[in-house]
Amino acid sequence: MAQLDIAKNDGIAILTINNPAAMNAWTQAMQRDMKVKLDELDRDPEVEAIVLTGAGDRAFCAGQDLNEVADFTASDVGEWLDTFYEVYDAVLSNSKPVIAALNGVTAGSGYQLSLLCDVRIAHAGVRIGQPEVKSGIPSITGMYLTWQSVGYSKTAEMMLTGELLTAEAAAALGMIAEVVPEDQVLSRSVELARSLANLPKQAFALTKQRVRATLMPGLTEAFAAALEADKQAYGDGEPQRTAHSFVAKKSN
């Protein structure tokens, strides 16, 4: 059953997106649970840092579960985006270090989730990016977060082609902090999380607050723009047709 798992060890919480059969694509229920768990871990005095990762060795998170998108209507878009907004803010507002251990494909909303983490660690086989345009979904919030990372030119290329970057290319752009051997991604992420947790806590938390304050006005505007764009797209039905086609091919 698709779910989120938490393991705690010596002050580090490992939060795992556990849906490996679907490349750790996440449902709205999982997204809502992600917010709840991140908030709980932020309040937990025994947790000093958080590592986000995916189950298995194929994906960190491949984005939205297309089985849900296939049945969306324009009226579903508002609640869907509100859920994402709350999840993203739960990452940004978390006072503790949040490290993304990228163990495989990191795409769509999974890619956006990773960009909101403080640091990203990956291996050479990781592919990362925003393929929404290939699914008939406008790329709006992902565009904003990518733009903050790499600027106009590369953002336009990524959003309009939907192509994923290699880990090496993403690292060269500053989107990934370190590329390590595959079997060291989690251990290096935990090591880094512990190192950040040992920094002066108030200075760290106040710096994160300023990062959030800098990003949130633009992100809030991007969500408002996404609401209008997604209503138009789902009203036309293109994302649903694309999702139904993908699901049908996968089942054959």
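Each reported figure results from applying straightforward, stated rules to the coordinates on display, with no laboratory input. As the structure is a prediction and not an experimental result, all values here were calculated from the model. Cβ coordinates were reconstructed from backbone atoms using ideal geometry, including for glycine residues, and neighbour counts include every protein chain displayed.
Values for this structure:
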{"quantity": "Between 0 and 90°, nearest 10: helix 238-251 axis offset from the chain longest Cα axis", "calculated": "80"}
{"quantity": "Sequence ranges 217-224, 203-210, ranked by mean other-Cβ count within 10 angstrom, highest first", "calculated": "217-224, 203-210"}
{"quantity": "Arg43-Glu178 FRET efficiency (beta carbon distance; Förster radius 35 Å; 0.05 resolution)", "calculated": "0.75"}
{"quantity": "Of Lys8/Lys208; Lys96/Lys154; Lys134/Lys208; Lys154/Lys201, pairs whose Cα-Cα distance is over 32 Å", "calculated": "Lys134/Lys208; Lys154/Lys201"}
{"quantity": "Net charge over other residues, Cβ less than 13 angstrom from the Cβ of Ile140 (K, R count +1; D, E count -1)", "calculated": "-3"}
{"quantity": "Estimated Rh, the chain: Kirkwood, alpha-carbon pairs, angstrom", "calculated": "18.2"}
{"quantity": "CD proxy at 222 nm, helix term only [per DSSP H run n ≥ 4: -39500 (n - 2.57); per residue of the chain; nearest 500]", "calculated": "-17000 deg cm²/dmol"}
{"quantity": "Student exercise, segment 88-179 dipole from Lys, Arg, Asp, Glu Cβ charges, in Debye to nearest 20", "calculated": "60"}
{"quantity": "FRET efficiency for Glu68 and Leu160, using Cβ-Cβ distance with R0 set to 30 Å, rounded to 0.05", "calculated": "0.75"}
{"quantity": "Area projected by the alpha carbon convex hull of segment 172-212, averaged over all directions, nm²", "calculated": "3.8"}
{"quantity": "Contour excess over end-to-end distance, with Cα ends at Gln232 and Lys134 and 0.36 nm allotted per residue", "calculated": "33.6 nm"}
{"quantity": "Relative counts (whole %) of C-alpha pair distances in segment 1-86, using bins that are 5 Å wide", "calculated": "3, 14, 22, 22, 18, 12, 6, 2, 1, 0"}
{"quantity": "Aspartates and glutamates whose Cα lies under 19 Å from that of Lys37, excluding same-chain neighbours fewer than 8 positions away", "calculated": "Asp5, Asp10, Glu46, Glu48, Asp82, Glu86, Asp89, Asp118"}
{"quantity": "Candidates Asn67, Asn24, Asn94, ranked by Gaussian network fluctuation over the chain, Cα under 10 Å, top entry", "calculated": "Asn67"}
{"quantity": "Size of electric dipole in the chain: Cβ of Lys, Arg +1 and of Asp, Glu -1, about Cα centre, debye, nearest 20", "calculated": "400"}
{"quantity": "Hull-based mean projected area of segment 92-204, where the convex hull spans the alpha carbons, in square nanometres", "calculated": "7.0"}
{"quantity": "Rh (Kirkwood; distinct C-alpha pairs) - segment 75-153, Å", "calculated": "13.6"}
{"quantity": "Computed Kirkwood radius, in angstrom, where 1/r is averaged over Cα pairs of segment 173-252", "calculated": "17.4"}
{"quantity": "Projected label distance in nm at Ala169 and Val36, using a 7 Å step from Cα toward the beta-carbon", "calculated": "3.9"}
{"quantity": "Volume per residue that the Cα convex hull of segment 9-149 spans, once the total is divided by residue count, Å³", "calculated": "108"}
{"quantity": "Summed residue charge, Cβ within 9 Å of Ser95's Cβ, Lys/Arg positive, Asp/Glu negative", "calculated": "+2"}
{"quantity": "Rg to Rh, two decimals, where segment 19-65 supplies the alpha carbon set and Rh follows Kirkwood", "calculated": "1.04"}
{"quantity": "Cα-based helix-to-principal-axis angle, 152-161 vs the chain, degrees rounded to 10", "calculated": "50"}
{"quantity": "Charge context of Thr155, other residues only, Cβ under 15 angstrom, K/R +1, D/E -1", "calculated": "-2"}
{"quantity": "Of all DSSP beta bridges in segment 43-167, antiparallel share, percent nearest 5", "calculated": "15"}
{"quantity": "Fully extended contour minus Cα-Cα distance, from Ala205 to His244, at 0.36 nm per residue", "calculated": "9.7 nm"}
